[in-house]
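Participant: Would you mind keeping the following structure in view while I ask a few things?
Here, each number is a calculation from the coordinates, and none is a lab measurement. Keep in mind that what you see is a predicted model, and the values were worked out from it rather than measured. For neighbour counting, all protein chains shown are included, and Cβ atoms are generated from backbone atoms with ideal geometry for every residue, glycine included.
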Amino acid sequence: MSNCKEVEIICTKIQYREATITEKIRIRVHLLICHTCRTFSKKNHKLSLLCKDAHFRTLPLADKEKMKKNLGSMN
Amino acid sequence: MAKQTLHPDTWVDNYSDYLFNYAVTRVNDTEIAKDLVQETFFAGLKSADNFKGDAAERTWLISILKRKVIDHYRKINSRKAKSMIRITQNRNTDTDGDFLEQQVADPISLLENSEIENRELGMAIYECIGKLPKKQALAFTLKTINGLSTEEVCKELNINPSNLWVIIHRARTVLMDCLNTNWFKT
């Protein structure tokens, strides 16, 4: 019997496509019987979609380092 | 409200992505946006004495950046020819675009709206990330936004994979709630 806490973490792994086969089977079985986890899984998936839609842009780490250096030299 | 203080050492880590997103959606050029963010940090340092502590650090930095973006547009407009209205008439096609009315954006189309909505969504998510504890925020950004692999993130944060998953899981739970209240219900 898998408890909900573990299943939620597997659910998060699935969002990054990093769950193993056994984990996937476990979560399938659990979602059949657990309503709370089904809702959670749906919300989790939605968050992934939102993050994809947002088209994030981040500064490359190298640029950040450069900025830090520039700021440091001003201080 | 407690008085806020400035911590310039943490600016780059905490706010550069947020400011960069803000800038890049307004000037549509990564290089210019990068320069604007850098200038914002410089200006912030220079006028740190004027910081009264009424606003949060990030709000204060954003207000500087806002001025920088406006200045940027002012500069490129004065450099360009003085005429502000430029009508490009498309002469390649026979009928389309002969009338100015035909060049106006299609009011029924939802494409432009979703573009704007996505920009705002990005900012909303960043605001929610800003509320997370430091470690969770870092783990989530590295994994989701920068798309690093699990091993790389683990090395970066010096933790083991199962720890990482718990951290990311907590971050996502908070984010879901935060977005639920800030994004879907406003």
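Participant: Return the equivalent ellipsoid semi-axes of segment B:1-73 as a descending list in whole Å, where each equals the square root of 5 times an eigenvalue of the C-alpha gyration tensor.
Facilitator: Details: eigenvalues 93, 28, 22 Å².
Listed largest to smallest, the semi-axes of segment B:1-73 are 22, 12, 11 Å.
Participant: If the cut-off is a Cα-Cα distance under 18 Å, which lysines reach A:Lys43, setting aside same-chain residues fewer than 8 apart in sequence?
Facilitator: Result set, ordered by chain and number: A:Lys5, A:Lys13, A:Lys24, A:Lys52, B:Lys185.
Participant: Starting from the Kirkwood radius over alpha-carbon pairs of segment A:4-74, derive D by Stokes-Einstein at 37 °C in a medium of 0.692 mPa s and give it in µm² s⁻¹.
Facilitator: Details: Rh = 14.7 Å.
Value of D from the Cα-based Kirkwood radius: 223 µm²/s.
Participant: From the cross-link list A:Lys46/B:Lys135; B:Lys52/B:Lys131; A:Lys69/B:Lys34, which pairs have alpha carbons spaced over 20 Å apart? Could you put the intermediate results ahead of the total?
Facilitator: Working: A:Lys46/B:Lys135 23 Å; B:Lys52/B:Lys131 22 Å; A:Lys69/B:Lys34 15 Å.
Result: A:Lys46/B:Lys135; B:Lys52/B:Lys131 exceed 20 Å.
Participant: I want the local charge near B:Thr59. Using Cβ-Cβ distances under 13 Å, sum +1 for each Lys or Arg and -1 for each Asp or Glu among the other residues. Before the final figure, lay out each step's value.
Facilitator: On the way: positive: B:Lys52, B:Arg58, B:Lys66; negative: B:Asp54, B:Glu57, B:Glu127.
Neighbourhood net charge equals 0.
Participant: Return B:Asp17, A:Asp53 ranked ascending by Cβ neighbour count within 10 Å, so the fewest neighbours appear first.
Facilitator: On the way: B:Asp17 22, A:Asp53 14.
Listing B:Asp17, A:Asp53 from fewest to most nearby Cβ atoms yields A:Asp53, B:Asp17.
Participant: Further question on the same structure: Which ordering of A:Ser48, A:Ser73 is given by a fewest-first count of other beta-carbon atoms within 10 Å? Could the numbers behind the result be given before it?
Facilitator: Details: A:Ser48 15, A:Ser73 7.
Arranged by neighbour count, lowest to highest, A:Ser48, A:Ser73 become A:Ser73, A:Ser48.
Participant: On to the next question. Sorted from fewest to most neighbouring beta carbons within 10 Å, what does the list A:Cys11, A:Cys51, A:Cys34 look like?
Facilitator: On the way: A:Cys11 25, A:Cys51 20, A:Cys34 17.
The fewest-first ordering by Cβ neighbours comes to A:Cys34, A:Cys51, A:Cys11.
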